[in-house]
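Everything on this sheet refers to the single structure shown next.
Read-outs: derived from the displayed coordinates by stated rules, not from any lab. Please read these numbers as outputs of a predicted model, since none were measured by experiment. Note that we place each Cβ from the backbone using ideal geometry, even for glycine, and neighbour counts take in every protein chain shown.
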Amino acid sequence: MLKTDYNQVKITTQKAEEILSEVFQIKGKAAILPGEIDFNFRIKVDNSEGYILKISRPNEDENYLDFQQKLLQYVAENGEDLIAPKVVNDKEGKVIATIKDDFGNTRKVRLLTWVSGRVWSSVNPQLNSLRSSLGKQCGLLTASLKGFNHKKASRAFVWDVAQSLWTKEHIHLFSDKKKEIITYFQNEFEAKKTSYDALRKSVVHNDANDNNVIVSKELINPTVKAAIDYGDAIYTQIINDLAIACAYAIMNHNDVLEACLPIIKGYHSTFPLQENELAHLYNAIAMRLVISVTKSAINKIEEPNNEYLLISEQRAWDVLKKWRAIHPQFAEYSFRAVCGFIAHPNEEKFKKWTVNNTFLLSDLFPTIQRNEAYHLDLSVSSKWIGHQNDFNNLDLFQFKIDQLQKKNPTKIFAGGYLEPRALYTSKAYDTVGNSGRESRTIHLGVDFWLPAYTPVHALFDGEVVIAFNDAGEKEYGGLVVLKHILEDFEFYTLYGHNTAESATKNKIGDLILKGDKIAELANYPENGNWAPHLHFQIMLSLFDYKIDFPGVAYLKQIDVWKSVCPDPNLLFKSDALIGKTTLSNESIINYRKQHLGKSLSLQYKTPIKMVRGAGQYLMDQFGKKYLDTVNNVAHVGHEHYKVVKAGQKQMALINTNSRYLHENMNELAKELIETLPKELNVLHFVNSGSEANELAIRMVKAVTGEKDMIASEVGYHGNSNMCVDISSYKFDGKGGNGAPEHTHIFPLPDAFRGKYRGENVACKYVAEVQKCIDNIQKKGRNVGGFIVEPIISCGGQIELPEGFLAKSYELVRQAGGICISDEVQTGVGRMGKTFWGFQLHNVVPDIVTIGKPLGNGHPIAAVACTQKVAEAFANGMEYFNTFGGNPVSCAIATEVIKTVKTEKLQENALEVGEFLKAELHKLSKEFPIIGNVRGQGLFLGIELVDVNLNPLAAQTDYLANRMKDHGILMSTDGLDYNVLKIKPPIVFTIENANELLLYLKKILKEDFMTVN
């Protein structure tokens, strides 16, 4: 075919409309659709779903078209649970019409009903639930086609995976890496062709590509409605149909294996697959992609103007490269696992063998002569590990082992199988999956903690297949792997963390007899910077590893890995080596619902159990790390080592109340006073922000003799009775009864969507404060106090208009009132530009309340006030707080303030906050749904609105939950719950900010977020 032929044979939309009217007597508007062979048109007709008009190329085989039409009719009769295009007869009652085009060529014309919805390629995101529904629909379609036959079903067809070896004739079109990839898959497919040819066959759809799958219109949890375009249907191996669905649906994903598993599981649920079919699925997926890229290479030459033929080329190459990096056996075992089969075919054989074969620990370590184990818990939730810094102190870790050994002299410390660990901090253990960062955390072997240079002996005969020294590079030190052959299967044992000298004395191919010495345990740093121990692991497959083997797995793959690497305790049968069981999240939730306060809420639609923190990260019980943009309580980072140690050291000495002298209280007072204006030099220590604000209100009453308080709309100041009484966020919300008699609320001073908007609105909001003063005085009373946050947090990170706070303070003081700055959220360096929020407004309050960030999560807070306030409060009634100002709390808080200073975290809050705010402003230009970006330092807010500035609470909630799915914690707030808060630990970095921005941008592109 000449390069110009395509332009000569294509059909215009005008011509399509003429043919539609003439042949089917239907008036409609045509729009071009993609297609390889036919010219396809979407036909829109008033008061109808419409049609798809298919016009053939000249002189197309009518038998082939008859095959398609009869197939659709068969589906209509047999697929009762299916939606599929239906055949529309022409004006003469025919299912295939014949016309002549403008050049005298014979064309065949068909009309099918239109299946409404969205094309798969246009849907974002494509989540597991959607991929599962794709598999289910494809399985139902396969089932409905069983029994159908036609003489054109068994035709020669280049898109049939079973016939895919034709691609070998065109290998010259590729070079270098691409050629290697294609050749690899062609050879793999050809090598297994005999067993492949024996697989079940049927007529299948054969083309569930991303433009032939129709998805429902729901923007949250959509499902696949139908597959369309049956033009590629063919009689072939059934597994090919699933392979094609997978090949296209996994495009644009980082982890292509993970992406295809829900499709396979869904397909199996409606059309059960056989184990032998799953053994060929990896190659079938690959060969469909090989066909695709080969056809693209050919079409570049033959029809360079036909863009449709090239549409999937780059994406197909992307998948092929990723698919090549997956071991075929691991893929097969993954397929087996999601279909409910035992992942590794030999797992049950191995387990049955171990029933009658038991070994002693002294067989492994004969020089130790101990056979009893002591379970050592190194899991992410282990309290024995302590702080991660302590664990990484190998001298300290070894000391703890030695002390434990003295208490248990007859036992070997061991454990770790399937243990989730947070100890692997190297980036070599991390990847970026389909939902953000992922870490390998699940331990696949058992560790035995023994003295350095302890000899390790073989439990049974074997052949050396790996003997390698990777000390200091990988995870094992000197590594030895033995292969063991039994009657009808084989397995491997791995011995890691040995000395390089002893490990490499073994040579590949050496035969090792039961009881022979294999190696000696290495000391650190030779063993990979761990305390001396043996990592012992069983593998039923080696996956072509030559120098090492994974000892830690991703949680999402654990069903496969625990089958490939069975529990070594099957050999020893030690009760001590049985891993601990933990409560499921569901059981914890159920207990909470039954026995804990009914008003206690949980974050996110699917709650998370957190067991460990580190800096700006929280970790769940499986070791999954979440970037924390929410918890400002952990002010200088979760479990900051110096802060933790300060508390531990003081707790080991004494913790008592403030009636006794202790320098810790004075030291904390000095540190705080250094950060405050000179007027604020008297401190009272309490346990929480609520207590701090409660005490501040008592001070107001003592100083002024008045009860009336002025506060902001949507303000929140604590959970005690008096604090709730001044918190509009509470009494104006669910369960609230409105403002009490002595509380006076001014409108939220929001220049973006508040009562007064735009620039220069401070005076208008000040006037609202004056109204509150006037209302109080009209009742014959006077102002007690005025309380507001420098940036109103629960109101949605609302920055006060310039000049508002200074003028409001002036009016309140003129009325005899006391000014309180609630710094529970904004203080201690978070603002970046200033240490305290009120300093942004060039004012000095009479009272400052300081909350939870002061203790980095430990309950300590403070009230700073002037000498005048302090003297009036000291009216003879003693203020005593049992735990307020105790030595432990003061030691912790002092370390927090010192850490902010020494680690320059206020400067970090400024630098990172300014960068993040600027980038968020850029993001708002790209995504107008971000109506406003505001805040200071690392205390920012993003408000989501539509074009009319109406709040988008549902989108905000969706965004927060989707960010959680990607390992980033965010929360919503604001009067209309349409504001995302960003208030992370102030150790947050530029790198963290970029990660946050990356996933915000990704999710803002998703379908639900684009509806405005």
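Assorted remarks:
- Prolate/oblate/rounded label for the chain (Cα gyration tensor, a/c 1.5): oblate
- Model label zone, Y977; criterion: amide N under 20 Å from point 7 Å along Cα-to-beta-carbon; scope the stretch 217-243: 219-221
- Peptide ranges 448-459, 560-571 listed from the most packed, as the mean C-beta count within 10 angstrom indicates: 560-571, 448-459
- Peptides ranked, highest mean first, by Cβ atoms within 10 Å: ranges 792-800, 101-109, 724-732, 533-541: 792-800, 533-541, 724-732, 101-109
- Student exercise, the chain dipole from Lys, Arg, Asp, Glu Cβ charges, in Debye to nearest 20: 980
- Each peptide among 749-761, 348-360 gets the average number of other Cβ atoms lying within 10 Å of its residues, and from highest to lowest they stand as 749-761, 348-360.
- Rg/Rg_globular for the stretch 118-338, with Rg_globular taken as 2.2 N^0.38 Å and Rg from C-alpha atoms: 0.95
- Cys residues of the chain that find no other Cys beta carbon under 4.7 Å: C138, C339, C565, C723, C763, C772, C794, C819, C865, C890.
- Global geometry of the stretch 240-317, whether rounded, prolate or oblate, following the gyration tensor of its Cα atoms and the 1.5 cut on a/c: prolate
- Part-to-part distance (alpha-carbon centres) for the stretch 477-552 and the stretch 730-754, which is given in Å: 68
- Extension gain for H921-L165 works out to 266.8 nm (0.36 nm per residue, less the C-alpha to C-alpha distance).
- The aspartates and glutamates within cross-link reach of K833, meaning a Cα-to-Cα straight distance under 17 Å and a gap of 8 or more places when in the same chain, are E674, E789, E799, E802, E823, E903, E907, E911, E914.
- Electrostatic dipole magnitude of the stretch 247-356 [Cβ: Lys, Arg +1; Asp, Glu -1; Cα centre; debye, to 20]: 300
- The chain, helix-only ellipticity at 222 nm - DSSP H runs n ≥ 4, -39,500 (n - 2.57), divided by all residues, nearest 500: -11000 deg cm²/dmol
- Dipole of the chain, positive direction: furthest Cα of V843, P984, F448, with charges on the beta-carbon: V843
- Model label zone, K670; criterion: amide N under 17 Å from point 7 Å along Cα-to-beta-carbon; scope the stretch 898-922: 898-899, 901-902
- Every pair of different Cα atoms in the stretch 248-378 enters the Kirkwood calculation, which places the hydrodynamic radius at 18.5 Å.
- Rounded to the nearest 20 debye, the dipole magnitude of the stretch 118-338 is 320 debye, with +1 charges on Lys and Arg beta carbons, -1 on Asp and Glu beta carbons, and the Cα centre as origin.
- Antiparallel bridges, percent of DSSP beta bridges restricted to the stretch 674-815 (to nearest 5): 20
- Hull volume in cubic angstrom per residue (convex hull over the Cα atoms of the stretch 350-577): 125
- Inter-site label distance for K868 and N78 at 7 Å from Cα along Cβ, in nm: 9.2
- Simple rule: put +1 on each Lys or Arg Cβ and -1 on each Asp or Glu Cβ in the stretch 192-254, find the dipole, and look at I250, L199, V224; the Cα lying farthest toward the positive end is L199.
- DSSP beta bridges in the chain [antiparallel fraction, %, rounded to 5]: 85
- Pairwise centroid distance, computed over Cα atoms, of the stretch 768-793 with the stretch 597-645, Å: 37
- Beta bridge orientation in the stretch 784-855: antiparallel %, DSSP, nearest 5: 20
- Förster-model FRET efficiency, 35 Å R0, K755 and K1005, C-beta, rounded to 0.05: 0.55
- Extending 7 Å from Cα along the Cβ direction at E490 and again at Y641 yields two label points whose distance is 4.6 nm.
- Taking 11 Å as the cut-off, the amide N atoms of the stretch 528-547 that come nearer than this to a point 7 Å along the Cα-to-beta-carbon line of A428 belong to 528-529.
- Proximal lysines to K400, defined as alpha-carbon separation beneath 28 angstrom and excluding residues fewer than eight positions away on the same chain: K383, K411, K427, K474, K573, K580, K624, K625, K642, K645, K649
- Full-extension gain in nm, N961 to V88, via 0.36 nm per residue minus C-alpha separation: 309.8 nm
- Sequence-distant lysines (8 or more away, or on other chains) whose Cα lies within less than 18 Å of K734: K598
- Each distinct pair of alpha carbons in the stretch 1-92 adds a 1/r term; the inverse of their mean, the Kirkwood radius, is 14.7 Å.
- The alpha carbon centroids of the stretch 647-722 and the stretch 894-923 are separated by 25 Å.
- Per-residue extension of 0.36 nm, minus the Cα-Cα distance of I368 and A806, leaves a gain of 150.1 nm for this segment.
- Selection from T582, G832, V682 lying farthest towards where the dipole of the chain points positive, charges on Cβ: V682
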